[in-house]
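Rule-based calculations on the coordinates, nothing more; no lab input. None of the values given here were measured: they were computed from a predicted structure. Cβ: placed from backbone, ideal geometry, glycine included. Neighbour counts: every protein chain shown.
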């Protein structure tokens, strides 16, 4: 029955003309920084790579499984950063797939040694695909016995189950050695991700996603060639898309090689999740695991959410690991 309920929700989201889609936002947004703000491209002088995996609500049999891979790097002579992000979002165990390749460019303006401004721009080529054979419609559900496998629906399959789209995003990031503040805008051109015919009326594009984010870095012990440093970093993320708004305050901690964090995600009208994270910092990479403890009315049935990230930062191979005069260590 849980499968039937979930598949019905997916069907409604996929084919209803008046339904707005929503972007994927990782709980460990600081590791998936290119998905947060294009201005984060180029936070290190050396290659910076990230792999992220998210399994949301596993009790619903692979309801929302997402993968992200990214690379970015800064080039001093050009005062520019570049980035590449590959994102794959699997909804309903293959019912709906959304894949995209994103290219990012950022330019840094240094007002003085302390104040810096980065402006980012990214463009993406994406594809959405629906597997009509995995959908369950109302006329396939018996009132007494539920869904009966092998039954056919009277619904007419979409003639265009694949849709390719182009997307444009931008963002700004202002920071110094103690705090940062940024704003980003995704889906500026509101690309259409649906499966209606090209001439169909009332097609709705992907709405703009607005993000406001900021944080502070309290340094307890400076990083040097003999120490990985210790800091506490309170942060705030506010994300809005159409009438859906999420606010996520939290705090991250690094004690030498040990990493930890606690966040609370709230949707204004509905408390969503308490996010706990823990990780370890190796010489050239860090591993971070987080669990979303669902505290809304869905908490009994979802199984929470699991997220795993691996970040490779080749800066740590340099003779002197860090001379960066900023507060963005959480994002490396």
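Structure notes:
- In summary, the convex hull built on the alpha carbon positions of segment 63-132 has an orientation-averaged projected area of 5.9 nm².
- Calculated Rg and Dmax of segment 102-211 using C-alpha coordinates, Å: 22.3, 71
- Comparing mean-square fluctuations of 190, 160, 305 from a GNM of the chain with C-alpha springs under 10 Å, the top value falls on 160.
- Taking label positions 7 Å along the Cα-Cβ direction at both residue 159 and residue 308, the computed distance is 4.5 nm, reported to one decimal.
- Length added when fully stretched, residue 132-residue 267, from 0.36 nm per residue minus Cα-Cα: 45.4 nm
- Candidates 31, 169, 112: whichever shows maximal mean-square fluctuation once the chain is modelled as a Gaussian network with Cα springs under 10 Å: 112
- Computed from the C-beta positions of residue 67 and residue 144, the FRET efficiency with R₀ = 51 Å rounds to 0.80.
- Alpha-carbon centroids, segment 254-293 and segment 91-130: separation in whole Å: 22 Å
- Across 37, 50, 162, mean-square fluctuation computed from a Gaussian network of the chain (C-alpha pairs under 10 Å connected) peaks at 162.
- FRET efficiency for residue 152 and residue 255, using Cβ-Cβ distance with R0 set to 56 Å, rounded to 0.05: 0.40
- Subtracting the Cα-Cα distance of residue 325 and residue 111 from their residue separation scaled by 0.36 nm leaves 75.7 nm.
- Rg(Cα)/(2.2 N^0.38 Å) for segment 171-312, N = residue count: 1.31
- Helix-only arithmetic for the chain: the sum of -39500 (n - 2.57) across DSSP H runs with n ≥ 4, divided by the residue total, places the mean residue ellipticity at 222 nm at -1500 deg cm²/dmol.
- Orientation-averaged projection of the chain equals 17.8 nm² [convex hull of Cα atoms, one quarter of hull surface area].
- Relative to the longest principal axis of the Cα atoms of the chain, the long axis of helix 2-15 lies at roughly 80 degrees.
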